[in-house]
Structure formats: C-alpha cells, structure tokens
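Here the structure is laid out as structure tokens; the discussion comes afterwards.
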Amino acid sequence: MAIVESLFDVTYLSLVIGLGIRLLLEKSKDAKLFGLMAILLGAGDAFHLLPRIVSHLNPKGFEGHSFALSWGQFITSITMTIFYVLYYYFYRRQSGDADNKKKIVIYALALIRVALVLMPMNNWGTAEGNYIFGIYRNIPFAIMGVLLIFWSYKERKKDGLQNMWILILLSFLFYVPVVLWSSIYPAVGAFMMPKTAAYLMIVVLGYKYFINKFVRINLLGLAFTNLIMGFVGGVFYREFTKFYKFTNTTHLGKIHVHVLVLGFACMLILYLLTSKMSEEQMKQLKRPIYIMEAGIVFTIVNMFVIGVYEVVGMGAKTINMSAINGISGLGHITLAIGLVWTITKLFNLEKTNMAISN
C-alpha cells in the first residue's frame, strides 16, 4: 500500500502541476485561470501529500510526522478553498451567469471557511487535532461544494462545464466519509485516493477543453512544461537533501537531468523535425508522443519515490525495492515504446513528404 499510494500521489501532483503550467502558455485568459487553478491545487496538496509519502517510506511512520501532516492539512484546507473560488469564476465565465449575489455567497462561505481553519481550536500540529472542529470548518466548504455542483449541473450543456458537476460531486462524496469517520476507522482514509482522482479529472477535462487539437506548437508547449518541471525537480532535490542533511547519492539527483534531456530536449528536437508536417500529419504523431510523455512521467515518478526512500528510509525496509524496481521497469518500457513509435512514425511521414516533393 505504501508503494501504491506514494506512486499515485506523486503522479497526481506531477500531472496537475504540469497541466497547469502548460495552460498558462495559452493566450486565453480563461485557460490561464484554469492553469492557475491547477497549479494552486497541486501546490497546495503537496503540503499534505509529501508528508504522507515520507511517512510511508520512513520507519517513524505517520506518528513520527504528525506535526508536518497536520500543518500540511492546514495549508491544503486554505488552498482548496481558494481553488473553488477560482472554479466559481471559471463557471461564471463559461456559463455567462453574472449574478453577483452568487459571488457574494461564494466569497462569504470561503471567508467563513478560512476563518474557521485559522482558529486555534483546530489544534494544528498535533496528531489528534480536534474532531468536532474539523466538522465545523468543513460545513461552509460543503455548502460551497453543493452550490457549485448545482450551478454547474444547471449549466452542464455549456462548453467546458459538461462533466464538471459530477466530478465535484464525486470529490465531496469521497471526502465526507474521511472527515466523519477516518479518525475512528483509519481504513476510510483510502477514500482520499478516488477523491484525488476526481480532482485530477477536473484538471484533465479543463486541459482537453482549452487544448483540443494536437498541432506542432504543442510540442513546444510540452518542451516548456518539462523544462519547468525539471527545474522544480532540481530545486526539490537540493532542498530536500539539505533538510535531511543527506550527502550520499540518490535517485533524486538524477531527476533534473532526465527531465531536461528526455522531456525538454527531445520535445524541442521533435518540434524542429516536424517543421514541414501538416496538421493532419501531426495528428498521427499525437498518440506515440503522448505515450512517450507518459513513459517519461511514470519513470520520473518512480525515481522520485525511490529517491525519497533513499533519503528518509534510514536503512529500514519500509517498502519492497524489488516491487518498485519492477514497476519502474514498466515506465522505461512505456518510454521506449513511445520513443521508437514516434521516430518510426516521423520517419515514414518524412518519406511521404519527400516522395510528394519529388
């Protein structure tokens, strides 16, 4: 379970932040808004999920990291509230619903939620927290969710809103049992994974709405996204190992170079090589390139989890290294398939172009 949740969490954070960065490149203000939403969602969740990953991989477990887990939940509670305020603006733009009374209600609920989160009665930083106050602070958040679900459902035929209501509904349906019963029945905490998957799908749907064609410039967008993610990986490696005073070799140190070479450089080269490709030919490259990108992401995710384990594992066998090495191999295989398929497809398309020109 430690391996599965850790890989799932890192994959989620990578995809949400990466898709958000890509959306910020679009000219549309609405796309930039959605990109900001995605980055805020991922960055906020990172404060809660990264301590969970460390807890899974460190022999001290969750009890030894209660302080970081609690304060991570504090930050996530605030960023998630802001996320839904931004989603309201996305809904407002897509639906054309300019009712300012709704805006006032959303702002009021958000302020009440944040005020309750800031109350000292929450006992942030402690393992036990405050169960009753945990319910109180989630009441305005739940009301906000119900309103956004209802409003989005009513406007579900509008572009960009078709399935948003059901994903928000699912996220709350999985979240409510965690709030109510996870302290009594820890197994209920597993509902956080499908809740997180619902958030990921919200971002994916937004990405597909704003970037619905695979054209040549998308390769440049992928290159830029991988460039930023490579820099993020490098900064995380430096600061994380510095925090733990870790000086040995770790897989975290390889992430920066791998992303820059496989993600940034390769996509940039493909962008240059496809200068003579038509829009129809670019469509044929979409699937192999996306498989290649998926292989890159999954390979880096495995390197990240292994690297964190090397830093915080303290020599204890908190995870099965044979299992994660096997899973890592799947990422390499996917990457290899995508790369070979892309080059083969590119070669055949180039031959076709040469035959036409002759």
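Tally time: how many residues in the range 173-212 are closer than 21 Å to residue 38 by Cβ and touching a residue at least 12 places away in the same chain (Cβ under 8 Å)? The qualifying residues number 21.
The C-beta contact set for the range 346-358 (first residue at pLDDT below 75, second residue of a type in the set (Ser, Thr, Tyr) and surrounded by 10 or more Cβ atoms within 10 Å (Cβ to Cβ), distance under 7 angstrom, 6+ apart or interchain) is empty.
Note on the range 79-113: residues that are open to solvent by 40 Å² or more (accessible area, probe 1.4 Å) and of a type in the set (Val, Ile, Thr) amount to 4. Which of the residues spanning the range 126-160 are open to solvent by 40 Å² or more (accessible area, probe 1.4 Å), within 26 Å of the chain's Cα centre (by Cα) and among the hydroxyl-bearing types (Ser, Thr, Tyr)? Once the filter is applied, which keeps residues that are open to solvent by 40 Å² or more (accessible area, probe 1.4 Å), within 26 Å of the chain's Cα centre (by Cα) and among the hydroxyl-bearing types (Ser, Thr, Tyr), the range 126-160 yields only 153.
One line per residue, one yes/no per condition, for (1) more than 13 Å from the chain's Cα centre (by Cα); (2) among the β-branched types (Val, Ile, Thr); (3) at pLDDT 95 or above:
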position	(1), (2), (3)
13	no, no, yes
16	no, yes, yes
19	no, no, yes
38	no, no, yes
55	yes, no, no
69	yes, no, no
83	yes, no, yes
87	yes, no, yes
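Note on the range 163-217: among residues that are within 26 Å of residue 6 (Cβ to Cβ) and not in a helix (DSSP H, G or I), the one that is most open to solvent (accessible area, probe 1.4 Å) is 185.
The values are calculated or read from the model by the stated rules, or taken from the named source; none is laboratory data. Everything quoted here is computed from the prediction, not taken from an experiment. As a convention, Cβ positions derive from the backbone with ideal geometry for all residues, glycine included, and neighbour counts pool all protein chains shown. The protein model used for the area step is the full one, side chains on, heavy atoms only, and it has no ligands, DNA or RNA in it. Shrake-Rupley method; radii C 1.70, N 1.55, O 1.52, S 1.80 Å.
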